[in-house]
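J.: One structure, pasted below without further comment.
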Amino acid sequence: MITLYGIGKWIPQINRLPDTGFKGQFRFLKSPAPWLIIMGTLLGNGGVYCWYSYIDPLLTNVSGFSPESLTWLMVVAGCGMVFGNLLGGRFADKFQAGLVAAIVQSCMVITLVLIYFLSPVPWAYVALMVIGTAGLFGVGSPLQYLNIRFSKGGEMLGAASIQMAFNVGSAIAAYLGGLALNTNGDYRTPALVGIPLALLGCILLFVLHYKYEQNFKS
């Protein structure tokens, strides 16, 4: 009910999308820009999910929190997601969305490095956890907006492709993180595995901004 109220109050009425036919829905994929957004999302968020998929055992086995404290710690992590999503949307309104997403993603690379080294320090890890979850959802709004912007004639598919990239990236990340754990059993290792993925995602988003976003005309 709260969600329906929020949609009715804050989401503006928009005109119906033109019918471009089945093939027309896919034409936007001929451009490199949507692929940069999709792969930037898959790799960038996947890099963060390498760490986040195994956050519970990292909190208990490395940071030293009790299993009973995980409930409130997940609430804190969830608050980071909410505020990150809100801030990402706000900054995307004021600045170029691709640049916002690229900068947030670059912060995630640094955050993963710090998580690997500072997770044994409980208070530092909680702070980094909030920053990490905020960044994970902070890139969502800018990238969603960008892919709709670069998918003229296929906006519905463009919007859906971001969610597909997000889900595929998180699944691959969980698998890679699991492989790392099976290798050495160190719960910090998934964060280390996620660093190159997040870095690649960051590079793709900067390429998107400088090569396509700055020259894009609606």
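Any read-out appearing in this document is the output of simple, stated calculations on the displayed coordinates, not a laboratory observation. Note that this is a predicted model, so its numbers are computed, not measured. Because the Cβ atoms are built from the backbone with ideal geometry, glycine has one as well, and the counts that use them run over all protein chains shown.
J.: Place a +1 charge on the Cβ of each Lys and Arg in region 29-213 and a -1 charge on the Cβ of each Asp and Glu, then give the dipole magnitude about the Cα centre in debye, rounded to the nearest 20. Each step should come with its number before you reach the end.
T.: Working: 7 positive and 6 negative charges, 106 e Å.
Dipole magnitude for region 29-213 comes out near 500 debye.
J.: Let me ask another. Could you work out the Rg to Rh ratio of region 29-102, with Rh taken as the Kirkwood radius (inverse of the mean 1/r over all Cα pairs)? Numbers along the way, then the final one.
T.: On the way: Rg = 16.4 Å, Rh = 14.8 Å.
Ratio of gyration radius to Kirkwood radius for region 29-102: 1.11.
J.: Another one. Check every DSSP H run in the chain and write down those whose alpha carbon atoms cover 18 angstrom or more along the long axis and whose mean Kyte-Doolittle hydropathy is 1.6 or greater.
T.: Working: long enough: 32-52 (29 Å, 0.83); 70-94 (36 Å, 0.97); 97-118 (31 Å, 2.34); 122-138 (23 Å, 1.46); 155-184 (44 Å, 0.83); 189-208 (30 Å, 2.41).
Taking the DSSP H segments of the chain (at least 18 Å long, mean hydropathy at least 1.6), we get 97-118, 189-208.
J.: Also, quick follow-up: Counting only pairs 8 or more places apart or on different chains, how many lysine pairs in the chain have C-alpha atoms closer than 25 Å?
T.: Qualifying lysine pairs in the chain: 11.
J.: Next up: With runs of 4+ DSSP H residues as the only contributors, calculate the mean residue ellipticity of the chain at 222 nm using -39,500 (n - 2.57) per run, divided by the residue total and rounded to the nearest 500. Can you show the working numbers first?
T.: Numbers: 9 runs with 158 residues, N = 218.
Estimated from H runs of four or more residues: -24500 deg cm²/dmol.
J.: For region 139-193, how big is the tail of P(r) above 13 Å, as a whole percent of Cα pairs?
T.: Value for region 139-193: 64 percent of Cα pairs lie more than 13 Å apart.
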